[in-house]
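Participant: Submitted below is the structure of interest, expressed as C-alpha cells.
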Amino acid sequence: MNLWWKPKPTESICEINLRQQKRIQEVPLLYCAQRNRVRALKKLLLCKAINPLQTGVVGETALHLAVLHDNLESVKVLIERSPELVNMPMTSDLYKGQTALHIAVMRQNLAIAQELINNKADVYSARAVGTFFQPKPTSFYYGEHVLSFAACVGNAELVRLLLLHGADAQAKDSHGNTILHILTLQPNKMTACQMYDLIVNYHMEKYGLGLEELYNNDGLTPLKMAALEGNTVMFQHLVQKKRQLQWTFGPISCYLYDLTEIDTWEDPQSVLDLVVSGKKKEARQILDLSPVKELVNRKWQKFGRPYFWTLAALYIVYMIIVSLSCVNRPLKPRPDNITNPRDITLLVQKTLNESYVTSKDYLRLSGEIITVIGAFIILLLKIPDLFQIQEARFLTQAVQGGPFTLIILSYPCLVVVLLILRLTNTDGEVIPMSMLLVLGWCYVMYFARGFQMLGPFTIMIHKMIFGDLLRFCWLMVVVIFGFATAFYIIFQTEDSNQLGHFYDYSMSVFSTFELFLNVINSPTNYDVDLPYMFHIVYFTFTVIANLLMLNLLIAMMGDTHWRVAQDRDELWRAQVAAITVMLERKLPRCLWPRTGVCGTEFGLGDHWYLRVVVRKDLNQQKIRRYVEALKGQEGDHLDKQSHSLLKFGSTSSSTSKSNLPILVVTEVDTHEPPRTLQAPCRPLQEDTTSIHKTYLELPQKKELQSPNDVLSTAVRKGTSRGWRILRSVILHKLKVLQDISRNVEEEIHHV
C-alpha cells in the first residue's frame with residue numbers, strides 16, 4: 001500500500017548498476033558489445049530478429065557499452081551496421097543525454113573518438129543533462145557538452161580534435177556555465193589552467209573574441225567563480241595573465257594589475273564582495289594573493305582604518321550619552337502604601353508632564369533627543385543589511401559580523417518602543433531600557449574587529465556562543481529539568497517552610513539551575529531529617545553537572561580557541577576586507593576616492609590598475625637550479641643502475657647452465673616502505689623457468705649463489721641506499737631554504 005505521506009524511495013546508483021549488469025547478461029547484443037565478441041556481434045546484427053537499437057536499464061545501447069569498455073573493433077562493427085547509434089543518447093534520468101562520444105572522451109580513447117567523429121558524431125549540440133552530471137557533492141559535474149568533458153579530463157589532443165571539428169567553446173550548459181567556468185571547479189588545478197589557456201588562445205586566434213567576459217546564470221565570470229570557490233591556483237593564473245610588466249631591475253619588478261572585476265568601485269558583485277560574503281572557507285585564501293592583498297591593504301590604511309576608528313569613537317560617546325540618559329530617568333517616590341511584605345519598590349516612573357521641569361530634566365532631554373536621533377540614523381543605515389539575511393546561516397558568519405547585524409537592528413527598535421511608552425505615560429519602560437543598554441554596549445565588541453589584537457577574540461566569542469554554548473545548553477536543559485523534577489518529588493511531602501528552595505516546581509527548577517552553576521551550595525536544611533533518596537540524587541547531580549558537564553564545556557571552548565588561533569591572520573584579513581567593503585558601500589564617493597591608476601596614462605585603455613612592486617630573493621633561483629641539478633643526477637644514476645642491472649642479468653643468463661631464478665634488486669627509500677623494481681628487459685631463453693619475483697616470494701639458497709653475485713647485489717643495494725639517503729637529506733634542506741626565502745620575499749605596493 002502506497003502511503004502519500006511517506007517519501008518515495010529513490011534507487012541508488014549501485015542498485016541501478018546491479019540491474020544494469022543483469023540486463024546485459026540477458027541481452028546477447030549488449031553482452032557481445034561489452035565483451036568485444038566481434039564475430040558473435042556480426043552474426044547478431046545480421047539476424048533480423050535482433051534490434052540493434054535495443055537498450056539496457058539506463059538507456060544504454062550496444063555502442064555505449066562497446067565505447068565504455070574500449071572495444072574499438074566492436075565500435076566499428078556497430079557503426080558500420082547501424083550508423084544511427086552514433087548520436088543516440090541515453091534516455092534514463094540518471095544519464096540522460098549522454099552519447100557515445102561523451103563516453104569516449106571520458107575514457108580518453110582518441111581512436112574511438114576519431115572513429116565516432118569520422119562517422120558524423122555530434123560535437124556541437126550533444127548535452128549530458130542527467131542527474132548524475134549536475135553540480136552536486138555526490139554527482140559528476142564536467143559540464144554537459146563534449147568539449148567540456150574533454151577539457152576536464154585534461155586531454156589536450158581530444159580538445160584540439162573537437163575544436164577542429166566545430167565544437168563551440170562559447171556553449172553554455174543549463175546553469176549558464178561555459179567551459180571556462182567549469183574548469184575553475186576542477187580539483188586538478190594545474191591541468192585546468194593548461195586547458196584554460198589552450199581553449200582561450202585557440203578561440204582568440206580563430207575568432208578574435210574573448211571567452212573570459214561571458215557570465216553564467218549567477219552573473220559570474222570565470223575569474224569571479226574561481227574566487228568564490230577559493231581556487232587560488234586558477235585565480236592567480238588568470239590575474240597574472242592580465243598584469244602588465246612596467247619595469248624591472250635586478251630582483252625588483254613593477255607590475256600593473258588589472259582591477260577589473262576585482263575592485264568594488266563599479267561592480268556590485270566584485271571579487272572582494274564574493275570573497276567576503278562567500279560560504280567557503282577556502283575563498284578567504286584569495287585575500288592573500290596579489291593584487292587583492294595590496295588592494296585591501298591600500299584601502300584599509302588610507303581610508304578604512306581612519307573612518308572605522310572614528311565611527312568607533314562616535315559610537316562609544318553616543319552610548320555614554322544613552323547610558324547617562326537612562327540612569328537619570330525621571331522617577332518619583334511611590335505614592336501608595338506598601339501592603340505586600342515581598343514588595344520592595346520605593347520609586348515609580350514620573351508622568352510626561354512631570355518629567356521635564358528643571359534644568360537637569362532639560363539636560364537629560366537633550367541626551368534623550370540624541371538617543372532617538374542616533375537610533376533612527378542606525379536604523380536607516382542598517383535597513384539595506386536586512387536583505388542580506390536570507391537564511392539563518394547568516395548569523396553564524398563571523399567574518400561578516402553575524403549576530404552584530406541582528407543586535408544593531410534590534411537596538412533602534414527598542415528605542416522606538418521606549419519612546420512610545422514615555423509619550424503615552426505607560427509603565428514598564430524599564431524592560432526595553434535595560435535590553436537596549438545591554439545590546440547597545442554589546443555592539444561595542446563589533447568595533448574590536450578593527451584592531452588586529454582584539455579582532456580574533458570577537459570571532460572566538462561568536463563561535464563559542466553559537467557552537468559550544470548552543471550545544472551545551474541543550475544538554476543542560478535536559479539535566480536541569482530531570483533533576484529538578486526529582487528534587488521536587490522528593491520534598492513534595494515535606495514541610496515547605498523548612499525547605500524553601502523546593503516548595504514549588506518553578507522554585508525547584510531555579511534552585512537546580514543555581515546548583516548547576518555552583519551559585520549556591522546544597523539548598524537544604526540539615527537541622528532536620530532529610531529523605532535518604534535526596535543524598536543519592538544530589539550526589540549523582542553533582543558528579544554529572546559539576547565534574548562532567550562543566551569540564552566538558554571548558555574542553556570544548558579550549559578546542560575552539562585553538563582552532564581560531566590557528567587561523568588568526570587569515571581571519572584578520574577577512575575581517576579587514578569585510579569592514580572595508582562595508583564602509584565603501586556606506587560612505588559617499590567624495591569621502592572615498594578610487595584606488596589605483598587609470599590605464600589611459602599608460603595606453604592600456606580605460607581599465608584601472610594597481611601598481612605593485614615585488615622584490616624577489618635571488619636565493620630562490622639558486623635553490624631551484626640546485627634541485628633541478630640533483631634531479632638530473634638522480635636520473636643519470638638510475639639509468640646507469642638499470643644498465644648495469646641489465647648487463648648483470650644478461651651475463652648471468654648466458655653463463656649459468658642451471659635455470660636459477662634471477663634476484664631482483666630492492667631499492668630502499670627513507671620515506672616509503674621497500675619495494676621491488678623489475679629489470680627493464682628479460683634476457684632469458686624460451687625454455688628457462690626464471691621469472692622476476694621478489695626475494696620474499698621466492699627465497700634463494702645461499703649455496704646456490706656465487707660470491708661475485710652476492711657481492712654485486714650488496715654493492716648495488718648499498719649504492720642505491722646511500723645515494724637516496726644523501727639525496728633526500730639535501731632536497732629536504734633545500735626545500736627548507738626555499739620556504740624561508742619565499743617567506744622573506746617582500747611585496748611593496750603604492751599608487
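Participant: Mind listing whichever residues of the range 422-460 are loosely packed, with under 15 Cβ neighbours inside 10 Å and not in a helix (DSSP H, G or I)?
Facilitator: 424, 425, 426, 427, 428, 452, 453, 454
Participant: Search the range 246-259 for residues being outside any strand (DSSP E or B) and surrounded by fewer than 20 Cβ atoms within 10 Å (Cβ to Cβ), and hand back the single one that is farthest from the chain's Cα centre (by Cα).
Facilitator: Here is the first cut: in the range 246-259, the residues outside any strand (DSSP E or B) are 250-251, 259.
Going one step further and asking which of them are surrounded by fewer than 20 Cβ atoms within 10 Å (Cβ to Cβ), we end up with 250-251.
Details: 250: 39, 251: 35 Å.
Ranking the candidates gives 250 first.
Participant: Now for a separate question. I'm trying to understand the selection: among the residues of the range 287-305, which are under 18 Å from residue 240 (Cα atoms) and not aliphatic (A, V, I, L, M)?
Facilitator: 288, 290, 291, 293, 294, listed by residue number.
Participant: Does residue 478 satisfy being at pLDDT 85 or above, in a helix (DSSP H, G or I), in contact with a helix residue (DSSP H, G or I) (Cβ under 9 Å, 6 or more places away or on another chain) and not acidic (Asp, Glu)?
Facilitator: Judged against the criteria, residue 478 is not a match.
Participant: If only one of 366, 323, 359 is surrounded by fewer than 10 Cβ atoms within 10 Å (Cβ to Cβ), modelled with pLDDT of 85 or more and in the same structural domain as residue 424 (by TED's automatic domain parsing), which one is it?
Facilitator: Working: 366 fails: surrounded by fewer than 10 Cβ atoms within 10 Å (Cβ to Cβ); 323 fails: surrounded by fewer than 10 Cβ atoms within 10 Å (Cβ to Cβ).
Just a single option satisfies the conditions, and that option is 359.
Participant: Does residue 76 satisfy the criteria of being modelled with pLDDT under 90 and farther than 17 Å from residue 146 by Cα?
Facilitator: Details: modelled with pLDDT under 90: no; farther than 17 Å from residue 146 by Cα: yes.
No; evaluated as a whole, the condition is false for this residue.
Participant: So residue 492 passes all but one of these: (1) in the same structural domain as residue 311 (by TED's automatic domain parsing); (2) part of a loop (DSSP other than H, G, I, E, B); (3) not aliphatic (A, V, I, L, M). Which condition number does it fail?
Facilitator: All conditions pass for residue 492, except number (1).
Participant: So, one more: Answer yes if at least one residue in the range 336-351 is part of a helix (DSSP H, G or I), assigned by TED's automatic domain parsing to the domain that holds residue 430, surrounded by 12 or more Cβ atoms within 10 Å (Cβ to Cβ) and touching a Pro at 6+ places or on another chain (Cβ under 7 Å), and no otherwise. Break it down stepwise before answering.
Facilitator: Applying the first criterion (part of a helix (DSSP H, G or I)) to the range 336-351 yields none.
Within the range 336-351, none of the residues are part of a helix (DSSP H, G or I), assigned by TED's automatic domain parsing to the domain that holds residue 430, surrounded by 12 or more Cβ atoms within 10 Å (Cβ to Cβ) and touching a Pro at 6+ places or on another chain (Cβ under 7 Å).
Participant: For residue 204, work out the one condition from (1) of a type in the set (A, V, I, L, M); (2) assigned to a helix (DSSP H, G or I); (3) modelled with pLDDT of 90 or more it doesn't fulfil.
Facilitator: (3)
Participant: Moving on to the next point. Every residue in the range 226-245 that is in a loop (DSSP other than H, G, I, E, B) and either buried (at least 19 other Cβ atoms within 10 Å of the Cβ) or out of contact with any strand residue (DSSP E or B) (no Cβ under 6 Å at 6 or more places or on another chain) (or both), please. I'd like the intermediate steps shown before the answer.
Facilitator: Step one: list which residues in the range 226-245 are in a loop (DSSP other than H, G, I, E, B), which gives 230-231, 243.
Listed by number, the residues that qualify are 230, 231.
Yes or no, residue by residue, for (1) closer than 30 Å to residue 455 by Cα; (2) of a type in the set (A, V, I, L, M); (3) modelled with pLDDT of 85 or more:
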| position | (1), (2), (3) |
| --- | --- |
| 493 | no, no, no |
| 496 | no, no, no |
| 501 | no, no, no |
| 504 | no, no, no |
| 525 | no, no, no |
| 552 | yes, yes, yes |
| 562 | yes, no, yes |
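Participant: In the list 149, 133, which residue meets the criterion of being under 21 Å from residue 214 (Cα atoms), surrounded by 21 or more Cβ atoms within 10 Å (Cβ to Cβ) and in contact with a Phe, Trp or Tyr (Cβ under 7 Å, 6 or more places away or on another chain)? Don't jump to the end; show me each part of the working.
Facilitator: Numbers: 133 fails: under 21 Å from residue 214 (Cα atoms).
One residue alone meets the criteria, 149.
Participant: Any chance you could count how many residues in the range 187-224 are in contact (Cβ under 8 Å) with a residue 40 or more places away in the chain and under 24 Å from the mean Cα position of the chain (by Cα)?
Facilitator: Matching residues across the range 187-224 total 16.
Participant: Taking the residues in the range 568-584 that are in contact (Cβ under 8 Å) with a residue 60 or more places away in the chain and among the charged types (D, E, K, R) as candidates, determine which candidate is nearest to residue 454 (Cα to Cα).
Facilitator: 568
Participant: Would you please name the residue that is surrounded by the fewest Cβ atoms within 10 Å (Cβ to Cβ), looking only at residues in the range 540-578 that are basic (Lys, Arg) and in contact with a helix residue (DSSP H, G or I) (Cβ under 6 Å, 6 or more places away or on another chain)? First the steps, then the outcome.
Facilitator: Restricting attention to the range 540-578, the residues satisfying the condition of being basic (Lys, Arg) are 563, 568, 573.
Subsequent filtering for residues that are in contact with a helix residue (DSSP H, G or I) (Cβ under 6 Å, 6 or more places away or on another chain) retains 568, 573.
Numbers: 568: 15, 573: 25.
Filtering first and then ranking leaves 568.
Participant: Scan the range 280-305 for residues that are surrounded by 17 or more Cβ atoms within 10 Å (Cβ to Cβ) and among the basic types (Lys, Arg) and jot them down.
Facilitator: Matches in the range 280-305: 284, 293, 298, 299, 305.
Participant: Here's a follow-up. Is it fair to say residue 144 is among the acidic types (Asp, Glu) and either modelled with pLDDT of 90 or more or on the phi > 0 side of the Ramachandran plot (or both)? Break it down into steps so the answer makes sense when it comes.
Facilitator: Numbers: among the acidic types (Asp, Glu): yes; either modelled with pLDDT of 90 or more or on the phi > 0 side of the Ramachandran plot (or both): no.
So residue 144 does not fit the description; no.
Participant: Further question: Just to be sure I understand, how many residues within the range 462-478 are crowded, with 18+ Cβ neighbours inside 10 Å and not acidic (Asp, Glu)?
Facilitator: Selection size over the range 462-478: 4.
The values are calculated or read from the model by the stated rules, or taken from the named source; none is laboratory data. The shown structure was predicted, so the numbers you read here are calculated from the model rather than taken from an experiment. Note that we place each Cβ from the backbone using ideal geometry, even for glycine, and neighbour counts take in every protein chain shown.
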